[in-house]
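K.L.:
Quick one: the structure is below, questions incoming.
The values are calculated or read from the model by the stated rules, or taken from the named source; none is laboratory data. Owing to the predicted nature of the structure, the values given are computational and were not obtained by experimental measurement. Neighbour counts are summed over all protein chains in view; Cβ atoms, including those assigned to glycine, are modelled from backbone coordinates with ideal geometry.
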Amino acid sequence: MCSADRALHEAVLSHETALDAYGISDINPNRIHVTVGKHRRFRRAGGSDYVVRYQDLMPERIGWWQEIPRVTPATAIEQCLAYGTPTYSLRQAIERGHAQGFLKSAERDSLAEALEDRHDR
């Protein structure tokens, strides 16, 4: 990946914000979730309006929404599993994501299993 392509992926919409952007969950995040590479450090304005996470993402985990980079639906759901997003919202995202063609059957099954594992803990 050239440095220009890498720069485009320095910050991506993620977590609950990505789920909302895809329209696969009724979740309405009260802050904008953004993921940046672990090496990236920056100053930000509007601090309480944003949740910044540091994670190195492979290019296949990034898609686009209205010319804005965002994580794929499967990645957003994985992130939300770890973040603590309510179970009902994630079940909805998994089912709608599959029904709308965003998730393959194997991804749906794997994410549903991970959600149940989280719920059982």
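Conditions tested, residue by residue: (1) at pLDDT below 95; (2) surrounded by 12 or more Cβ atoms within 10 Å (Cβ to Cβ); (3) among the hydroxyl-bearing types (Ser, Thr, Tyr).
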residue: TYR83; (1), (2), (3): yes, yes, yes
residue: ALA93; (1), (2), (3): no, yes, no
residue: GLU107; (1), (2), (3): no, yes, no
residue: SER110; (1), (2), (3): no, yes, yes
residue: GLU113; (1), (2), (3): no, no, no
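K.L.:
Show the residue pairs meeting these rules: Cβ distance below 7 Å; 6+ apart or different chains; first residue within region 39-59 and of a type in the set (S, T, N, Q); second residue at pLDDT below 90.
P.N.:
GLN55/LYS38
K.L.:
Can you confirm whether region 74-94 contains a residue that is assigned to a strand (DSSP E or B) and either in contact with a Phe, Trp or Tyr (Cβ under 7 Å, 6 or more places away or on another chain) or not basic (Lys, Arg) (or both)?
P.N.:
Scanning region 74-94 turns up no residue that is assigned to a strand (DSSP E or B) and either in contact with a Phe, Trp or Tyr (Cβ under 7 Å, 6 or more places away or on another chain) or not basic (Lys, Arg) (or both).
K.L.:
Do we find a residue being under 18 Å from GLN66 (Cβ atoms) and modelled with pLDDT under 90 anywhere in region 12-25?
P.N.:
The answer is no, given that none of the residues of region 12-25 is under 18 Å from GLN66 (Cβ atoms) and modelled with pLDDT under 90.
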